[in-house]
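Peer 1: The structure's right below; bear with me while I get my questions together.
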Amino acid sequence: MFDSAEEHYSGLGDEIQDYEEALELYKKAAALGSLEAFLRLGTMHIEGEGCKENTQKGFSFLKTGVNKGNFDCYAEMARDFEAKDHFDNAEKCWSKYFESKDCEYNTYSNRNLYINTFFSWRRRRGSRR
């Protein structure tokens, strides 16, 4: 289910890119236990991909993902908080993300992306102080 959602999200293979279809497939994948689906559902709602932009709903999916063991969701929350200049919350989410480095869940980890994002954020934060 998750792989099919990814194909629709990105327009892979023979699939036409379709965020609305991808969103429905991610919901089904999440219901079947896909941890990565919660990450995708969260970011899609925050960005308004395939649905109306809804940060609250997006964060709800990300929090559920964290509670189920997908700690990459902390990094996505940190990125959103940073974009909205909520630096204290971004800092807390980054801390929780890096504290989870030894977690079992890493199948879909975007750790290199998040580490680069974190250090870029740190450089920008340092220049604002």
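The values are calculated or read from the model by the stated rules, or taken from the named source; none is laboratory data. As the structure is a computational prediction, the values presented were derived from the model and not from experiment. Cβ coordinates were reconstructed from backbone atoms using ideal geometry, including for glycine residues, and neighbour counts include every protein chain displayed. Surface areas here come from the heavy atoms of the whole protein model, side chains and all, with no ligands, DNA or RNA. Shrake-Rupley method; radii C 1.70, N 1.55, O 1.52, S 1.80 Å.
Peer 1: Go through (1) open to solvent by 20 Å² or more (accessible area, probe 1.4 Å); (2) closer than 23 Å to Ile115 by Cα; (3) aromatic (Phe, Trp, Tyr) one by one and return the number of the condition Phe38 breaks.
Peer 2: (1)
Peer 1: Follow-up. Using beta carbons and a limit of 7 Å, which pairs, at least six apart or on different chains, have the first residue in the stretch 41-57 and within 14 Å of Lys27 (Cα to Cα) and open to solvent by less than 40 Å² (accessible area, probe 1.4 Å) and the second one of a type in the set (Lys, Arg) and in a helix (DSSP H, G or I)?
Peer 2: From residues that are within 14 Å of Lys27 (Cα to Cα) and open to solvent by less than 40 Å² (accessible area, probe 1.4 Å), the pairs are Leu41/Lys27; His45/Lys57.
Peer 1: Here's another thing I want to ask about it. Restricting attention to the stretch 46-59, which residues are farther than 22 Å from Phe118 by Cα and outside any loop (DSSP other than H, G, I, E, B)?
Peer 2: Within the stretch 46-59, Gln56, Lys57 qualify.
Peer 1: For the stretch 52-76, how many residues are of a type outside the set (Asp, Glu) and closer than 15 Å to Asn89 by Cα?
Peer 2: Matching residues across the stretch 52-76 total 8.
Peer 1: Here is a further query. Restricting the search to the stretch 70-88, which residues are open to solvent by less than 60 Å² (accessible area, probe 1.4 Å) and more than 14 Å from Tyr114 (Cβ to Cβ)? Steps first, answer last, please.
Peer 2: So in the stretch 70-88, the residues open to solvent by less than 60 Å² (accessible area, probe 1.4 Å) come out as 70-78, 80-82, 87.
Phe87, the sole residue that qualifies.
Peer 1: Whether any residue in the stretch 10-18 is surrounded by 15 or more Cβ atoms within 10 Å (Cβ to Cβ) and part of a helix (DSSP H, G or I) is what I want to check.
Peer 2: The answer is no, given that none of the residues of the stretch 10-18 is surrounded by 15 or more Cβ atoms within 10 Å (Cβ to Cβ) and part of a helix (DSSP H, G or I).
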